[in-house]
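A short reminder: the numbers here are calculations on the coordinates, not readings from a lab. Please read these numbers as outputs of a predicted model, since none were measured by experiment. Here Cβ is always computed from backbone atoms with ideal geometry, including for glycine, and neighbour counts include all displayed protein chains.
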Amino acid sequence: MPASIEDGVAVLRDVNSQGNAIPYQAMIGSSESYDLWIDDPVPGDSWVCRDYVLWKGKMLAAAGWPPDDMTIVTCWTEPLEVPTDMSDPTSGREYHAVLAVKFEGAIYILDNRTSDIYVAQSPQVRPYGYLWWKQQDPPGTTSARDARGGLI
C-alpha cells in the first residue's frame, strides 16, 4: 500500500493513464465471444470498458494494492440519445464498467472515458451523469449488489 494519500492517488492516476493509453476497439473480433472479459489486448479483438477495468485491477494488484479494495462497477452513461421510454431512467444511455478502488475512506473511480480519476461520493466531480447499476460484492467474485443507492 502507498505510504501517503498523495502517493496512493499518484499510483491510481498513473495506472488509469497507462490503461487509457491502450486504444479502445469496439469491434468484436471474429474469434471472440460477445461478453469476453480479458486483461491484455489481443490484436484484432475488441478492447472495451470491461477490459480496461480488468487490466487496471491487475496493474494495481501487481503494485501491491489489496484486491479486496477493488471492485467492478457497472453503470449507465449520460444520455447519448433521446430517450425512447421516458419512464425508464436508462433509456438512451449505454452500459459501462469502471473500477472502484477504496482508499483512505474514499472510493476512487478509474474510468477509461476520462483522463483523471474521481471520487464516487463527489457527484460534482464526476465528469458524467452516470447511474450506478451493480457493484461486485464481495470483491473478486461474480456476485453483485444493487448499486443504485451508491457505492460501498
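A compact table of results
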{"item": "Amide H partners (placed H, <5 Å) of Ala144, local residues excluded", "result": "Asp137"}
{"item": "Ellipsoid semi-axes in whole angstrom, largest first, where each is sqrt(5λ) of the Cα gyration tensor of the chain", "result": "24, 21, 14"}
{"item": "Residues whose placed amide H lies under 5 Å from that of Gly92, excluding near-sequence neighbours", "result": "Thr84"}
{"item": "Cβ-based exposure ranking for Ile117, Ile22, in which fewest neighbours within 10 Å come first", "result": "Ile22, Ile117"}
{"item": "Vicinal HN-Hα couplings computed from phi for the stretch 54-64 (Karplus, 6.51 cos²θ - 1.76 cosθ + 1.60; Hz; Gly/Pro x)", "result": "5, 4, 5, x, 5, 5, 5, 4, 5, 8, x"}
{"item": "Other-chain or far-sequence residues with amide H under 5 Å of Asp45's (modelled H)", "result": "none"}
{"item": "Protection proxy ranking, peptides 4-16, 133-145, average beta carbon neighbours within 10 Å, highest first", "result": "4-16, 133-145"}
{"item": "Integer Hz, Karplus 6.51/-1.76/1.60 couplings in order for the stretch 134-143, x for Gly and Pro", "result": "9, 10, 4, 7, x, x, x, 10, 9, 7"}
{"item": "Per-residue [θ]222 nm for the chain (sum of -39500 (n - 2.57) over DSSP H runs n ≥ 4, rounded to 500)", "result": "-6500 deg cm²/dmol"}
{"item": "Table column - 3J(HN,Hα) (Hz), the stretch 103-111, Karplus curve with 6.51, -1.76, 1.60, x for Gly and Pro", "result": "7, 6, x, 10, 10, 8, 10, 9, 9"}
{"item": "Neighbour net charge for Ser143 - beta-carbon separation under 15 angstrom, K R +1, D E -1", "result": "-1"}
